[in-house]
1. Quick check: from the Cα gyration tensor, does the range 249-364 come out rounded (a/c under 1.5), prolate or oblate?
2. Using θ = phi - 60° and the Karplus relation 6.51 cos²θ - 1.76 cosθ + 1.60, list the HN-Hα couplings for the range 92-105 in order, rounded to whole Hz, with x at every Gly or Pro.
3. Applying the Karplus parametrisation 6.51 cos²θ - 1.76 cosθ + 1.60 with θ = phi - 60° to the phi angles of the range 11-16, what ³J(HN,Hα) value in whole Hz is obtained for each residue in order, glycine and proline being reported as x?
4. Over all directions, what mean area does the Cα convex hull of the range 59-348 project, stated in square nanometres?
5. Using per-residue counts of other Cβ atoms within 10 Å, averaged over each peptide, order 20-33, 266-279 from highest down.
6. Where does each of Met56, Met298 land when they are ranked from fewest to most other beta-carbon atoms within 10 angstrom?
7. May I ask you to evaluate 6.51 cos²θ - 1.76 cosθ + 1.60, the Karplus curve with θ = phi - 60°, for each residue of the range 251-258 and list the ³J(HN,Hα) values in order in whole Hz, giving x for glycine and proline?
Amino acid sequence: MVRIKPKLEYSQKIVAKFRKSARFWASLVCIVGAVVHTGIISLNYLLHPIGANLEMKTINNFALPSVSICFDYLRKGFRYIDHPVHPIKVSTLTVKEINDGLLKWEDLIIFCKVLDVNYNQVDCESLMVQPENINNTNQHPIILEQLSHYLKCFTLFSGFNDTISYDRDKVGDSPLMDIRLNTFNLSLGKRLGLYILSPYEELDESISNPSFIQFDAIDSNQATVTFESIFIYQFQSRFYSNCFPYVSEGYQKYGCGSISACLNQCLFEATYNQTGSTHYRRFIKIKDQYSDARFSLMNDSEFQRKCMARYHPTPCVYHRYTPLLTSQYLSPYRNANVFQISILYPETIDVIIQYGLTQSLIEYLIFLLSTVVLWTELSLNKIISSFLLSAYSCYEQVCIKLTQTSNSLAVKLRLKSDAKTGIKPTSKAKSRTRLGTMFDVKPHARLDTTPDNSTGVNLGIYRSVGGKVTRKKLLSSKRLNNSLLDYY
């Protein structure tokens, strides 16, 4: 038995050391894990990862889009020759020479009707002439004529803002637009085309373009079109901003309202200033200052890189329309040389894509706190309980201090009032125990301010009688002012 006791003590010491060491290493691993994990979470949040939120819904209010009516053309004498200076081929005819031999607006359009804000059909020209509907009058004429190597287009409502919008319930069965065209003078197979774009966008190459639809005016004379749209909203943050609000600030900064319009403008100006021409697939606006421009067969990739570096590549709001052909037929009640296009209110489900931060600040803080709780022994319940208990303890201490201060002030005020009235203490009063330093308390007399649960702070008066300290009377703070000096 004598030999077993040291072994038991030694084994207990080993177990205690092992427990202490295990507790230390476990705490160290948890602390390091919590620091590393919270660091990864914080770094991921500060990098601002972007996520996409896809929503499909029917929009009950829709703004008037931009509409372009186009037709194919073939000009005699049009061919490409070598440029006298640059190693490219340019067209023999200028833009003005090509346009002089093509149909004008009044030659092609018989009538054009559109719904106004009061849901009445009015002429397209009368609606476009209202300046409050146009964002930049200088940049967008009433009817914008544009020309490419294949097409000539008349663009309506380009640069319009959102003041003209329609409610689905008020439109009813009325078409948004009715356009009647004279196809008698059309050449090259009497083919017509239609662009439906955002008012801030500009025309782009028609081949494989989802915003372009083509009609055959030989075997049909009536077509009904509707459209669907895709809205893409890019998140814009003070810390993470890879987009630019072209719609609201593009005209003031760049003179254009969309990334495509800015790039087309930049590419045309760069190629025109250097070679006097532009790529044959791009559209040229029919203006006097560009009357000598020509189409060319050139590689403009170098110009594209420079223009992409000049503008922000990502718009904060991107709006894409896709026209849908619902019917196309030959009506016996219409002239063979007349083609009518009716654009209906969109009845399809629109797609809205919103790009934004995958994690908000509140979510980040909650995730961070949960991670710390997971790695450590901290508990939100314990933290809140400790905080409330500490707050209550501080509140009790403050109440005690305030009560003691009030009692001292009451004693001082009573002594001052007695001194003013000339009241002198009697012989019996002289034998009383004096209170505090103001009563010249002797070493054997003391003041007890021990708190009592029932009455708050109580004042106990002690005195020495025959060498024995006894408590004469217990005075509550509520009765102190009336009976402090008369407790006998």
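1. It is oblate, given that a/c is not under 1.5 and a/b is not larger than b/c.
2. Karplus-based 3J(HN,Hα) across the range 92-105 equals 6, 9, 7, 4, 5, 5, 5, 5, 5, x, 10, 5, 9, 4 Hz.
3. Karplus values, whole Hz, x for Gly and Pro: 5, 5, 5, 5, 4, 5.
4. The number I arrive at for the range 59-348 is 16.2 nm².
5. 266-279, 20-33
6. Met56, Met298
7. 5, 6, 8, 10, x, 8, x, 7
Coordinate-derived values only; no laboratory data. Nothing here was measured: the structure is a model prediction, and the numbers come from that model. Every residue, glycine as well, gets a Cβ built from its backbone with ideal geometry; the counts of neighbours run over all protein chains shown.
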